[in-house]
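Colleague: Just dropping this structure here.
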Amino acid sequence: MPGRALDDKDRALIAAARAAIERLYKENRHHIGAAVRTKSGRTYAAVHLDTYVGRASVCAEAIALGQAIAAGDGEVVAIASVRHPRPRELNREIDVVSPCGICREMLADFAPDCEVVVPENGEAVAVPIRELLPNKYVRKG
């Protein structure tokens with residue numbers, strides 16, 4: 001199912017994620033930026049924390065969601081993630097990327113009705129998190 005075209009709020013979310021990673025990019029430390037928008041209209045942006053031991057790394061999506069929850073504003077309605085190119089890459093664009101599988105699980109748990117901005121056929125579109133994680137595991141009892 002194709003995603004819906006982005007609106008101004010979605011584009012502002014991408015811009016917030018880009019601004020965070022442009023400001024804080026550091027090779028081998030931060031290369032993903034993410035921003036969440038809550039029902040209140042507030043935006044929370046963060047960067048990925050890369051570590052030498054991969055399991056200790058923390059995704060930007062988790063940090064942005066955590067900021068919203070910590071502020072008491074955890075009803076997330078949309079999220080966008082972007083990737084900063086490494087210095088050796090020819091393409092210098094900061095492009096929209098899909099959240100990883102772990103972040104999809106987290107978003108489906110904490111923001112089950114949110115939309116996620118993802119790349120689709122060379123364009124960014126918004127899709128419900130449920131489309132990115134079909135047949136999600138649900139705890140019984």
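The values are calculated or read from the model by the stated rules, or taken from the named source; none is laboratory data. Since the model is a prediction, treat every value here as computed from it, not as a measurement. Heads up, the Cβs are rebuilt from the backbone with ideal geometry, glycines too, and the neighbour counts pull from every protein chain shown.
Colleague: Please go through the range 102-141 and pick out each residue that is in a helix (DSSP H, G or I), within 23 Å of Leu6 (Cα to Cα) and without any contact (Cβ under 8 Å) to a residue 24 or more places away in the chain.
Modeller: Across the range 102-141, the qualifying residue is only Arg130.
Colleague: Follow-up question, since we're still on this one. How about the range 14-54: which of its residues are farther than 25 Å from Glu89 by Cα and out of contact with any helix residue (DSSP H, G or I) (no Cβ under 8 Å at 6 or more places or on another chain)?
Modeller: Passing the criteria: Lys39, Ser40, Gly41.
Colleague: In the range 102-123, what residues are surrounded by fewer than 20 Cβ atoms within 10 Å (Cβ to Cβ) and in contact with an Asp or Glu (Cβ under 8 Å, 6 or more places away or on another chain)?
Modeller: Answer for the range 102-123, where residues must be surrounded by fewer than 20 Cβ atoms within 10 Å (Cβ to Cβ) and in contact with an Asp or Glu (Cβ under 8 Å, 6 or more places away or on another chain): Met106, Pro119.
Colleague: Restricting the range 20-37 to residues that are in a strand (DSSP E or B) and either aliphatic (A, V, I, L, M) or modelled with pLDDT of 95 or more (or both), which is surrounded by the most Cβ atoms within 10 Å (Cβ to Cβ)?
Modeller: Here the residue is Val36.
For (1) acidic (Asp, Glu); (2) out of contact with any strand residue (DSSP E or B) (no Cβ under 8 Å at 6 or more places or on another chain), each residue gets a yes or a no:
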| residue | (1), (2) |
| --- | --- |
| Asp50 | yes, no |
| Ser57 | no, no |
| Ala70 | no, yes |
| Val125 | no, no |
| Lys140 | no, yes |
